[in-house]
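A quick write-up on the structure given underneath.
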Amino acid sequence: MDDNDRFERLFSTYNKDIFRLAYSYVLNRHDAEDIVQRTFYKLYKHIKKLSIPDAEIKKWLFRVASNESKDILKSPSHKNLKISFDETKEVVQNDDDFTSSLGDVSKNCRIALYLYYYEGYNIKEIAKIIRKSESAVKMRLSRGKEELKMKWRDENEKD
Amino acid sequence: MKKIDEFYKTELDKIDYLSVEEEEIIHNNIKDKYRKNQKLKKTVLGISTFLLVCLVGIGITYAEEISDLIKTFKLTTTTHDNGNTSTYAESYVRKEVNYDADLPEVDSTNDGGEYSIQELEEILDIKILKSDYFKNDTLKQEITVKNDGKIAGASFVLKNFMNIKKEKNSVSDRYDMIIGFSTKYASDDVHGGWGTGQGLKVEEYYLKNLKTTSYILSSKSEQNSPLGIYHAYLIHDNMHYTFEFFCTFKTVEEEKELIKNILDSLHY
């Protein structure tokens, strides 16, 4: 299998996972698409050097996507966009159920929560993916769970 | 806990994934961008011999080192409706190290090296706390992150530092120490921390030698349980130290005394 075929296969296997991770962090579709593109561009550029098994490639992609997600929210263009979003916050929230449900979870905790709950990685694996100490991951999970629990309770009370 | 797990997944499953058309557009964009970049690279290489390249030093002003302001954990405690509390701690400290130290980057795709405490002190130009309880001094490199070639953060583990031999088919005590730091090159504001679930008590224990407070967390809920798992966290000289204690067949008092003795024995 040549590099091109390998890229095609990895793209079709993992693009949804990367999209979901990105969405869980940036909470909007446009940026999540951008992150998928940036992440897989890096894979395409480095595919020759990445002679590691697919499961490890997936972790590598998660790490790149997590960095790209943080970068995109820090970018000046995004900050300008945020001002205009804030002005129309009501409209944005009504348009996007997901944003309004999980937007209250701190940004710092979102990726750890995603990797833990959705992907089923353990704390050690998450620490390696996001390159933080295990104690930092534990803190993020703890804090994220608390915030999620409050949201979950609100939702239950509504029902 | 399971319900929250399901709630989270259900919320995430509300996302409309990329359609086949959108996937195709992204896929084509990636290949186009790569081709254009390759072309651009060739062009730049071709004309670069005729150009005088001026390097302009870009002054990067780093934010004032937060470590000067906050030298320990910032604790947040939440009291829940059922009266239980939970705590999480964040740390903003940044360590000054030899940012150009000869340490390879380590993450999930590769294994780190092993260093003695003294070797690591020399490589990073730092001091690491030691104890007379340490019967081995081999630190395994867990994570090392670099930004633009500069060390941004790292963590190392001193496994089974009392060299307790495990008997076959039995459980035995095990004590590990994890050290970690983030530097001014780290990209996040929060550089470390820990958290507890509901009802877990955090005990503050002041270390006179080091003039710092450590936080001891216990997972032991029953006095007579044969197993006790404890974590102790402290920050000293802008380094994070985490101790994991897996104790067997001891009373809570014996376990805590041992942990406190180990913490009290720390020195440079």
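The values are calculated or read from the model by the stated rules, or taken from the named source; none is laboratory data. The shown structure was predicted, so the numbers you read here are calculated from the model rather than taken from an experiment. Glycine also receives a Cβ, built like all others from the backbone with ideal geometry; neighbour counts cover every protein chain displayed.
Looking across the range B:7-21 at every residue that is part of a helix (DSSP H, G or I) and facing another protein chain (nearest Cβ under 7 Å), the one that is surrounded by the most Cβ atoms within 10 Å (Cβ to Cβ) is identified as B:Y8. Any residue at all in the range B:90-98 that is on the phi < 0 side of the Ramachandran plot and either facing another protein chain (nearest Cβ under 8 Å) or at pLDDT below 80 (or both)? Among the residues of the range B:90-98, at least one is on the phi < 0 side of the Ramachandran plot and either facing another protein chain (nearest Cβ under 8 Å) or at pLDDT below 80 (or both), which makes the answer yes. Filter the range A:1-40 for residues that are facing another protein chain (nearest Cβ under 7 Å) and basic (K, R); which is farthest from the chain's Cα centre (by Cα)? This residue is A:K16. Of the residues making up the range A:49-60, those that are free of Cβ contacts under 8 Å to residues at least 24 places away in the same chain, surrounded by fewer than 18 Cβ atoms within 10 Å (Cβ to Cβ) and part of a helix (DSSP H, G or I) number 2.
Screening B:Y115 against (1) away from every other protein chain (no Cβ under 14 Å); (2) surrounded by fewer than 15 Cβ atoms within 10 Å (Cβ to Cβ) leaves a single unmet condition, (2).
Selection of first residues in the range A:67-82 that are closer than 22 Å to A:R131 by Cα and of second residues that are basic (K, R) and at pLDDT 80 or above, restricted to Cβ pairs under 6 Å at least 6 apart or on distinct chains, gives the following pairs, ordered by first then second residue: A:E68/A:R38. State which residue is surrounded by the most Cβ atoms within 10 Å (Cβ to Cβ) when the search covers only the range B:129-177 and only residues that are assigned to a loop (DSSP other than H, G, I, E, B), of a type in the set (D, E, K, R) and touching a residue at least 60 places away in the same chain (Cβ under 8 Å). Here the answer is B:D173.
Does the range B:24-31 contain at least one residue that is within 13 Å of chain A (Cβ to nearest Cβ), touching a Leu at 6+ places or on another chain (Cβ under 8 Å), under 30 Å from A:D3 (Cβ atoms) and modelled with pLDDT of 75 or more?
Step one: of the range B:24-31, the residues within 13 Å of chain A (Cβ to nearest Cβ) are B:24-31.
Still in the list and also touching a Leu at 6+ places or on another chain (Cβ under 8 Å): B:26.
Right, trim to under 30 Å from A:D3 (Cβ atoms) and you get B:26.
Adding the requirement that they be modelled with pLDDT of 75 or more leaves B:26.
Yes, there is a match, as at least one residue in the range B:24-31 is within 13 Å of chain A (Cβ to nearest Cβ), touching a Leu at 6+ places or on another chain (Cβ under 8 Å), under 30 Å from A:D3 (Cβ atoms) and modelled with pLDDT of 75 or more.
Cβ contacts < 8 Å: first residue touching a residue at least 40 places away in the same chain (Cβ under 8 Å), restricted to the range A:106-126; second residue among the polar types (S, T, N, Q), any location; separation 6+ or different chain. Result? Listed by first residue and then by second, the contacts come to A:R110/A:S24; A:I111/A:S24; A:I111/A:S66; A:I111/A:S69; A:L113/A:S24; A:Y114/A:S24; A:Y118/A:S24; A:E125/B:S108.
Give the residues of the range B:71-105 that are part of a loop (DSSP other than H, G, I, E, B) and either among the polar types (S, T, N, Q) or under 25 Å from A:K151 (Cβ atoms) (or both), sorted by residue number. Don't jump to the end; show me each part of the working.
Narrowing the range B:71-105 to residues part of a loop (DSSP other than H, G, I, E, B): B:71-73, B:80-84, B:92-105.
Within the range B:71-105, B:T72, B:H80, B:D81, B:N82, B:G83, B:N84, B:N98 qualify.
Take the range B:32-53 and flag every residue that is in a helix (DSSP H, G or I), at pLDDT below 60 and more than 14 Å from every other protein chain (Cβ to nearest Cβ). Correct list: B:K42, B:T43, B:V44, B:L45, B:G46, B:I47, B:S48.
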